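Asks: Okay, here's the structure, questions in a sec.
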Amino acid sequence: MFWLVAAFLLTALLYASVGFGGGSTYSALLALGGVDYRILPLLSLSCNIVVVAGATVRFARAKITPWRDAALLIAVAAPAAFLGGLTPIDREPFLLLLGASLVLTGGTLLLPRKQKAEDGERGRFARYVPFVAVPLGYLAGLVGIGGGIFLAPVLHLVRWHGARAIAATASLFILVNSLAGLGGQLLKGGEGRFAAAFEMGLPLLVAVAIGGQIGSLLAVRFLPLNWIRWLTAALTLWVGGRLLIGV
């Protein structure tokens, strides 16, 4: 259990520094630890909420979050995340879908861009992002993560906002979607799975709370913009590859 707690703390630190909750990696670590895949979403989503709640507050206090645009994305994605959480899925499709999605989204971050992240000019396709947020929200609820790791590469590709604003939006997106997805997962799994998740979840929640606070502080004050993008890509590809290898 100690290695799992330490791994969760480090994961929360790294993911919070790029505006994510780390749900995908939590699921991978738990799967490697032999935990029943049916309670993975409950644990991962709960850890997401703990991590990104603090990160969202830090981004808001730093006046980085683009509230009007972010609210639209969340309004259309959260109901889809709830429906995704209600949808039954077997273990192999669960891991395969999650791993493939993460490899694809990580790869998009490695594509060259023609403009700097913070030059203030939005891409021509940025207005269509809400249409993409709906299926991404459903996919996030289905596999039991917040969905920011799916959304952020899309926002970078269309130059929706600057890198830090995207990190802040991804954090808020994860928070709301995790709450919605957790609601769906609880309705699907019932009290038995919740009790099993709660029994082993407390040390993990404490670990991610500490790591998340450190990581979000790094994101707001210290990390260069290019680091945010490349670290996001590296984390996403690594996690996706590990999941696919294990399927």
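Asks: Go through the residues of segment 18-28 one by one and say whether even a single one is assigned to a helix (DSSP H, G or I), surrounded by fewer than 21 Cβ atoms within 10 Å (Cβ to Cβ) and not β-branched (Val, Ile, Thr).
Replies: Within segment 18-28, none of the residues are assigned to a helix (DSSP H, G or I), surrounded by fewer than 21 Cβ atoms within 10 Å (Cβ to Cβ) and not β-branched (Val, Ile, Thr).
Yes/no matrix, rows are residues, columns are (1) over 17 Å from THR169 (Cα atoms); (2) surrounded by fewer than 23 Cβ atoms within 10 Å (Cβ to Cβ):
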site	(1), (2)
VAL35	yes, yes
SER44	yes, no
VAL51	no, no
VAL57	no, yes
ALA62	no, yes
PRO88	yes, yes
PRO93	yes, yes
LEU96	yes, yes
LEU102	yes, no
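Let's see how each residue does on (1) in a helix (DSSP H, G or I); (2) surrounded by 24 or more Cβ atoms within 10 Å (Cβ to Cβ); (3) under 21 Å from the mean Cα position of the chain (by Cα):
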position: SER171; (1), (2), (3): yes, yes, yes
position: SER178; (1), (2), (3): yes, yes, yes
position: GLN185; (1), (2), (3): yes, yes, yes
position: GLU199; (1), (2), (3): yes, no, no
position: LEU204; (1), (2), (3): yes, yes, yes
position: ALA209; (1), (2), (3): yes, no, yes
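Asks: Based on what the data block shows, is ASP90 over 19 Å from the mean Cα position of the chain (by Cα) and without any contact (Cβ under 8 Å) to a residue 40 or more places away in the chain?
Replies: Considered against the rule, which asks whether it is over 19 Å from the mean Cα position of the chain (by Cα) and without any contact (Cβ under 8 Å) to a residue 40 or more places away in the chain, ASP90 comes out as yes.
Asks: So which of LEU4, LEU73, LEU10, LEU97 is assigned to a helix (DSSP H, G or I), under 21 Å from LYS188 (Cα atoms) and hydrophobic (A, V, I, L, M, F, W, C)? Explain how you work it out, then say what you get.
Replies: Working: LEU4 fails: under 21 Å from LYS188 (Cα atoms); LEU73 fails: under 21 Å from LYS188 (Cα atoms); LEU10 fails: under 21 Å from LYS188 (Cα atoms).
Answer to the check: LEU97.
Asks: Separate question: Pick out the one residue from VAL220, VAL239, VAL143 that is at pLDDT below 85, at negative phi, touching a Ser or Thr at 6+ places or on another chain (Cβ under 7 Å) and buried (at least 16 other Cβ atoms within 10 Å of the Cβ).
Replies: That would be VAL239, the only listed residue that is at pLDDT below 85, at negative phi, touching a Ser or Thr at 6+ places or on another chain (Cβ under 7 Å) and buried (at least 16 other Cβ atoms within 10 Å of the Cβ).
The values are calculated or read from the model by the stated rules, or taken from the named source; none is laboratory data. This structure is a prediction, so every number in the text was calculated from the model and none was measured. Glycine gets a Cβ as well: all are built from the backbone with ideal geometry, and neighbour counts include every protein chain shown.
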